[in-house]
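Report on one structure; see the data block that follows.
The values are calculated or read from the model by the stated rules, or taken from the named source; none is laboratory data. The model shown is predicted, which means the values in this text are computed figures rather than measured ones. Don't worry about glycine lacking a Cβ; one is built from the backbone with ideal geometry, like all the others, and counts go over all protein chains shown.
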Amino acid sequence: MNSSANKKPTTRGAFVTTRWSLILSRADSEGGETRARDALAELCCIHWRPIFFFITRRGYSAEDAEDLTQDFFARILKGHWLEKADPNRGGFRSFLLKSLKNFLIDAADLTRARKRGGDVSFVSWDPWMAEARSELNILKEALNSWPAERIFDAGWAATVVKRALRRLCEECESNGRLRVYEILSPHLGIERDDLSYAILAAKLRVPEATVKKLHYRIRQRYRSLLRDEVAQTVADSADGEDELRYLCGALAAGSAAGA
């Protein structure tokens, strides 16, 4: 029984309804399948970058990886993928990776049969490819040596972090605190004892005590946004905490590789 969409929050950052829980509970209400497909499409739009990097790490050229990424999502959105979603098999990340592996079994035939420039256009490539290096915070050594699965997880983690940071930036800007975000955001992962509040206070032209409060608040909000982004891809709040820890580890490993 898919009851995860109706669960009450049990911890800070817990959630009631998320994109993944909508997908799992597609049959629970009128119009549920339509909403589930909308949620699936949104998750696909968010998380296509790890798919692309996984495919390239499997030995495909960037051009073929672009085509295969488009084909993969088209197959998911137009096929019967929803019927295969199982809450007992983990969250969206693990299920998407399993589906991708199955998809690539037929990739050679797809690559030969597909004509470039077809009618499938799920991802707009040019703007992202122009800034690809900054979109995925993984060092080149890792991209060239890690297994595809590890790159997938690190890319997924980078996407989650990027979205949380973007939301945090937008919130700060709307509250007239964009300068605070610009100065403090590089230090969101740094503990208080490792910070030079005097330097930050000089940059912001406020007392050190004020900087300490601002740093604490912006870190708390950032963590909350991270939890919310991760929550969208799992069906249970406890799973969300486990997923967040796992992805933080994947991202840290990607950033440290080759150091």
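Figure legend. Inter-residue proximity from the range 35-61: first residues under 20 Å from residue 148 (Cβ atoms) and charged (D, E, K, R), second residues modelled with pLDDT of 90 or more and surrounded by fewer than 20 Cβ atoms within 10 Å (Cβ to Cβ), beta-carbon distance below 6 Å, spacing 6+ or different chains. Indicated pairs: 57/148; 58/148.
One residue alone among 230, 234 is part of a loop (DSSP other than H, G, I, E, B), in contact with an Asp or Glu (Cβ under 8 Å, 6 or more places away or on another chain), of a type in the set (A, V, I, L, M) and within 26 Å of residue 24 (Cβ to Cβ), and that residue is 234. Would you check if residue 217 is crowded, with 19+ Cβ neighbours inside 10 Å and part of a helix (DSSP H, G or I)? Taking the combined requirement at face value, the residue does not satisfy it.
If you take the residues of the range 177-197 that are of a type in the set (D, E, K, R) and under 25 Å from the mean Cα position of the chain (by Cα), which of them is modelled with the lowest pLDDT? That would be 191. Taken as a whole, the range 150-158 holds no residue that is surrounded by fewer than 17 Cβ atoms within 10 Å (Cβ to Cβ), in a helix (DSSP H, G or I) and in contact (Cβ under 8 Å) with a residue 24 or more places away in the chain.
Within the range 194-213, track down each residue that is under 14 Å from residue 182 (Cβ atoms) and in a helix (DSSP H, G or I). Those that are under 14 Å from residue 182 (Cβ atoms) and in a helix (DSSP H, G or I): 200, 203, 204, 211.
Would you confirm, using the coordinates I've provided, whether residue 162 is out of contact with any helix residue (DSSP H, G or I) (no Cβ under 6 Å at 6 or more places or on another chain), assigned to a helix (DSSP H, G or I), over 20 Å from residue 68 (Cα atoms) and at pLDDT 80 or above?
Numbers: out of contact with any helix residue (DSSP H, G or I) (no Cβ under 6 Å at 6 or more places or on another chain): yes; assigned to a helix (DSSP H, G or I): yes; over 20 Å from residue 68 (Cα atoms): yes; at pLDDT 80 or above: yes.
Considered against the rule, which asks whether it is out of contact with any helix residue (DSSP H, G or I) (no Cβ under 6 Å at 6 or more places or on another chain), assigned to a helix (DSSP H, G or I), over 20 Å from residue 68 (Cα atoms) and at pLDDT 80 or above, residue 162 comes out as yes.
Taking the numbered list (1) at pLDDT 90 or above; (2) closer than 24 Å to residue 53 by Cα in turn, residue 254 passes all entries but (1). Among helices (runs of 4 or more DSSP H) entirely within the range 1-110, having at least 2 residues that are farther than 23 Å from residue 164 by Cα and modelled with pLDDT of 70 or more singles out 32-46, 48-57, 62-78, 92-105. The combined condition, being surrounded by fewer than 20 Cβ atoms within 10 Å (Cβ to Cβ), at positive phi and outside any helix (DSSP H, G or I), is fulfilled by residue 176.
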